[in-house]
Amino acid sequence: MHASTHGAIGIAIITASYIITKSEKKTFIIGGILAFASHYILDFIGESPYKTMQEMLFIEVAVYLWSLVLMFILGLKYLKFSVFGFFMANLMDYIDKKMYFSIFLPKEYPFTYYFHSKNQVLFPISYQKTIIAAIVSVILIGACFLILKNSKMRLES
Ligand SMILES: [Zn+2]
């Protein structure tokens, strides 16, 4: 899947880890490992490519910014959680796609398969469903924000 979808799942895992463990340290360790592992499973779903580079940049940047703005409103701790969750959920691609240089310069930065397998996609999805996945990612991040906001209010009252 695209980075935005991986990232949203990573944020959801980090959110769940924090709600369950109520410990920052455990959230980083357990949530980080689960977010990292989630990448492999989510890559069983094969997204369709974006139509243009502008569309890719717009959607990917917008979803990431959405998570940054919402978590910034909650506070630095939550911002760190979500940046970390997003990062860990995409780490397999950062490594195998060489920080995405493989996509643009495949000769200089060849794609590797340390964390991917060549026939990994079991469920290819259409362009329309790929866009729906981006919208669901936005909603999922919004839901995480609301859940964290509620738990924060409960802890502080
Ligand atoms: Zn991947």
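We did not get these values from a lab; they are worked out from the coordinates using the rules stated. No experiment lies behind these values; they were computed from the predicted model shown. Using ideal geometry, Cβ is built from the backbone for each residue, glycine included, and neighbour counts are taken over all protein chains shown.
Pairs exceeding a 21 Å alpha-carbon distance, out of LYS25/LYS98; LYS51/LYS129; LYS77/LYS149; LYS98/LYS129; LYS25/LYS97; LYS77/LYS152: LYS25/LYS98; LYS98/LYS129; LYS25/LYS97. Distance between the pseudo-spin-label points of PHE123 and ILE33 (7 Å out from Cα toward the beta carbon): 2.6 nm.
For segment 28-134, relative contact order (Cα pairs under 8 Å, six or more residues apart, normalised by length) works out to 42 percent. Once you wrap a convex hull around the alpha carbon atoms of the chain, what is its projected area averaged over all directions, in nm²? Across all orientations, the chain yields a mean hull projection of 9.3 nm².
Annotation note: chymotrypsin sites (Phe, Trp or Tyr not before Pro) in segment 52-157 located in DSSP loop regions with a Cβ neighbour count of at most 14 within 10 Å are TYR100, PHE111, TYR113, TYR114.
Using only side-chain charges placed at the Cβ, +1 for Lys and Arg and -1 for Asp and Glu, the dipole size of the chain relative to its Cα centre rounds to 420 debye. Loop-located trypsin sites (Lys or Arg not before Pro) in segment 68-157 (DSSP state not H, G, I, E or B) with no more than 16 neighbouring Cβ atoms inside 10 Å: LYS107, LYS118. Using only the alpha-carbon atoms, how far is helix 3-21 inclined from the longest principal axis of the chain? Give it as 0 to 90 degrees, nearest 10. The angle comes out near 30 degrees. On full extension of the chain, what length is gained from ILE103 through LEU74, given 0.36 nm per residue of separation minus the C-alpha to C-alpha distance? Here the answer is 7.0 nm.
Taking GluC sites (Glu not before Pro) across segment 51-157, the ones in a DSSP loop with at most 11 further Cβ atoms lying within 10 angstrom of their Cβ are GLU108.
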